[in-house]
Amino acid sequence: MTKDKIEPFQRFAIYYAPEDGPLYRFACKWLGWDASAGREVAQPVAEGLPGPIAEITETPRKYGFHATIKPPFRLADGKCAEDLAHEVERLARSQPPITLDGLELSRLGRFLALTPIGDQQELMKMADRFVKSLDTYRKQLTEDELTKRRKAGLSDRQLANLQEWGYPYVLQDYRFHMTLTGRMPKAELAKTQKALAPLLAPLLPKPFTLDSLCLFGEAADGRFHLIQRHALTGVSDINQ
């Protein structure tokens, strides 16, 4: 990891992103952004969509195909990106891979995402660990930022998460998902799901193994880039 590779970014995040393969390549084309290569990708012509694919995918495009583990954050004063990268690597070395039954296309509120099938207890534990262990690297939100992010409908627990961890949907409120669309009216959501499902069906892994995590960075233009991938090489307690 070279210093010049990680210093240009204004925010950092820990994401799961699949390695190169049919699912990853399809998702990059669908979203129009390849975070690993750091380049735009021509989007496909998909029949049956209720509107232009560029509009349907506008919101998730800048992040690339991923599932959030530690939400985006600015570095705390006195912390450097190199140290963050080393700590992510250290945590990954002690984290065992996690295998679930598979992935499926799901509606989450008014957007579409891939979600895991099977017992997610270990996945939740891993996300909790990374959120908490890396929080000393996160710059606290200002009062103006907290006010802006206090959206109507947040529960008391989510408001507490926002105050303590900088994001409402962590810990008990965390849900692993890989976003594929922005928010849409229900009728448009149903049409998009119908069009997208058969394209994804042959690409979805069963089982699904999460065996690496990635450090991502947000560039000045708001696009996220994959900085470094870290294999999960810890040993499960079951195997000890």
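The values are calculated or read from the model by the stated rules, or taken from the named source; none is laboratory data. Quick caveat: nothing in here was measured; it's all calculated off a predicted structure. With ideal geometry, Cβ positions are generated from the backbone for all residues, glycine too; neighbour counts draw on all protein chains shown.
Within the range 114-125, is there a residue that is more than 16 Å from the chain's Cα centre (by Cα), under 26 Å from TRP33 (Cα atoms), crowded, with 19+ Cβ neighbours inside 10 Å and modelled with pLDDT of 95 or more? No: zero hits. Restricting the range 40-67 to residues that are β-branched (Val, Ile, Thr) and free of Cβ contacts under 8 Å to residues at least 60 places away in the same chain leaves a set whose member that is nearest to THR115 (Cα to Cα) is ILE53. Apart from one condition, GLU82 fits all of (1) surrounded by fewer than 15 Cβ atoms within 10 Å (Cβ to Cβ); (2) in contact with a Gly (Cβ under 6 Å, 6 or more places away or on another chain); the exception is (2).
Scanning the range 186-201 for residues that are within 24 Å of THR68 (Cα to Cα) and in contact (Cβ under 8 Å) with a residue 40 or more places away in the chain, we see that the one that is surrounded by the most Cβ atoms within 10 Å (Cβ to Cβ) is THR192.
Name every residue in the range 126-182 that is at positive phi and more than 17 Å from the chain's Cα centre (by Cα), in order of residue number. Walk me through it before giving the result.
Taking the range 126-182 and keeping what is at positive phi, we get 153, 166, 171.
GLY153, the sole residue that qualifies.
Looking across GLN240, GLN228, one residue alone is more than 14 Å from LEU103 (Cα to Cα), out of contact with any Asp or Glu (no Cβ under 6 Å at 6 or more places or on another chain) and modelled with pLDDT under 95. It is GLN240. Listed by position, the helices (runs of 4 or more DSSP H) inside the range 1-69 whose residues that are buried (at least 22 other Cβ atoms within 10 Å of the Cβ) and at pLDDT 95 or above number at least 1 are 22-31, 53-56, 58-61.
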